[in-house]
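Report on the structure given below.
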Amino acid sequence: MNNWNDLKKKRWLFLFLFCAINFCTGALYIWSVFAGPLAVRLNELNGSSLTASDLGQVFGLAAGVTPFLMLAGGFINDRLGPKLVVIAGGLMVGLGYIICGLSSSLTMLYIGYGLCVGIGTGMVNGCTINSAVKFFPDKKGFAGGLVTASLGIGAALLPFAINGLIEVSGISSTCIYFGIFSGVLIPLCAAFTDKCPDHFADSFTALSSGSKHIGIETNWVGMLKSPLFIPLFALFITGSTMGLMLISSLAGIAQNQIGLGLGAAATAVSVISVANTIGRFVSGAVSDKFGRVQTLIVMLVLALAGFVLLAQSNASKVSFFFIGIVLIGLCYGAFIGTYPSLVADEFGSKHNSVNLSLMFLGYSVGGFAGPALIKWAQESGSNDLAYWICMSAGVIGIAFACFYLYLKKKDQLTLNNFGENHELCVRQ
């Protein structure tokens, strides 16, 4: 009992370290700040005519490979804990940015950012988020939301630092400096973390009603066989695609569609990152009380309104643009902040690292589809087509969410009927 009490105190230190680690990996979401200067650098070196949107698929590759490494890291995390995986992931992130700083071709960007940063981020995020949920079985939404919110905090604050450093030192040195910073800080924080014992949740005798386990305890095979998996997976694809489409090219959209300058475009990236952060944290905590999927439905409605405003925005309606990206950022953050606790609720905490990683393959789909969608729309001459497709995806997402709630209600009725019949048999 004393060991459990000591661990209950120490888990707050682990939560702080997980947040610090994810602050660094939040740089994944500010690719559009790097993309423009990197395109200029490659054009100067090779005489090419690349634009920031041409580099969008580099971000798509990074976002696409992240869930696969979350899956690999999840197997190790469930057995050995986060320390070794996060240290390795931090070194990969650092190496990736250094390669970007030394890159002289688009291929090197795909290797450095697309693969190394994507791989490292997946290893780091999967272990830290899942470990936080395991250490806080009484506050799953709060812990998962706070750690994922740290990604958003990094994405909100880092654009100003990165943009200022680019102006002073150039894009090449900036990438190298940030690579060294990440490659040192992430492993250092990871060295002081530990594995959550398998039966730690048993020491909590009175879980809050919102955090109480309401699903089953199963591994990834059982999760894939569950009728709830398909609607949850499809719902995650819709939320991820909408958010990653905008995040991957936001600086370019701000400059080309709205006519903002480089500094104002970086501010737009920070604004959506702040909204992303708020969405992660608030939705995680709110969903503990009002329901995970119910919270996501509300956020999807906000995102639909956001895309309507985005489609109407231009140089004379800048306020529409900023309100729109705030609403979409809130929705995207809500999905990332809510799903760790949602998957743990439905399929248990014991195998949550692997289960969540498999669910995050929906994020991988969004990572490839989102940047490809906006590039295709821009080649057709307007961003509106991408916005309307995302609105359609949002409506489909709401339909899948309602289907999930229908299945949950049906299962609950079946359990209630079973209980009543069992009680009747006992009385007879």
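The values are calculated or read from the model by the stated rules, or taken from the named source; none is laboratory data. Treat the numbers as computed from the prediction; the structure is a model and nothing was measured. Heads up, the Cβs are rebuilt from the backbone with ideal geometry, glycines too, and the neighbour counts pull from every protein chain shown. Remember, those area values only see protein heavy atoms, side chains included, never the ligands or the DNA or RNA. Shrake-Rupley method; radii C 1.70, N 1.55, O 1.52, S 1.80 Å.
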ask   = Is it true that Gln312 is polar (S, T, N, Q), free of Cβ contacts under 8 Å to residues at least 24 places away in the same chain and open to solvent by 10 Å² or more (accessible area, probe 1.4 Å)?
value = yes
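Residues are listed down the side, and each one gets a yes or a no for (1) more than 25 Å from Phe23 (Cα to Cα); (2) at pLDDT below 90; (3) more than 23 Å from the chain's Cα centre (by Cα):
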{"site": "Leu157", "(1), (2), (3)": "no, yes, no"}
{"site": "Phe160", "(1), (2), (3)": "no, yes, no"}
{"site": "Ser172", "(1), (2), (3)": "no, no, yes"}
{"site": "Leu185", "(1), (2), (3)": "no, no, no"}
query = Of Val33, Val65, which residue is closer than 22 Å to Gly164 by Cα, touching a residue at least 24 places away in the same chain (Cβ under 8 Å) and part of a helix (DSSP H, G or I)?
reply = Val33
message = Quick check on region 329-359: of everything there that is open to solvent by 10 Å² or more (accessible area, probe 1.4 Å) and assigned to a loop (DSSP other than H, G, I, E, B), which residue is modelled with the highest pLDDT?
response = His351
inquiry  = I'm told Thr66 meets every condition in (1) closer than 18 Å to Ser357 by Cβ; (2) open to solvent by 10 Å² or more (accessible area, probe 1.4 Å) except one. Can you identify the failing condition by its number?
reply    = (2)
request  = Specify which of the listed residues (Phe23, Phe75) is open to solvent by 10 Å² or more (accessible area, probe 1.4 Å), within 21 Å of the chain's Cα centre (by Cα) and closer than 24 Å to Gly145 by Cβ.
outcome  = Phe23
task = Output the residue which, of all residues in region 34-59 that are open to solvent by less than 10 Å² (accessible area, probe 1.4 Å) and at pLDDT 80 or above, is nearest to Ala132 (Cα to Cα).
result = Phe59
ask   = In region 93-108, how many are buried (at least 24 other Cβ atoms within 10 Å of the Cβ), over 12 Å from Ala190 (Cβ atoms) and aliphatic (A, V, I, L, M)?
value = 0
message = Against the condition open to solvent by 40 Å² or more (accessible area, probe 1.4 Å), β-branched (Val, Ile, Thr), within 19 Å of Leu146 (Cα to Cα) and in a helix (DSSP H, G or I), how does Val221 come out, does it pass?
response = no
Matching residues in region 147-196 - criterion: being open to solvent by 40 Å² or more (accessible area, probe 1.4 Å), within 19 Å of Gly73 (Cβ to Cβ) and either among the polar types (S, T, N, Q) or not in a helix (DSSP H, G or I) (or both) = Ala191, Phe192, Asp194, Lys195
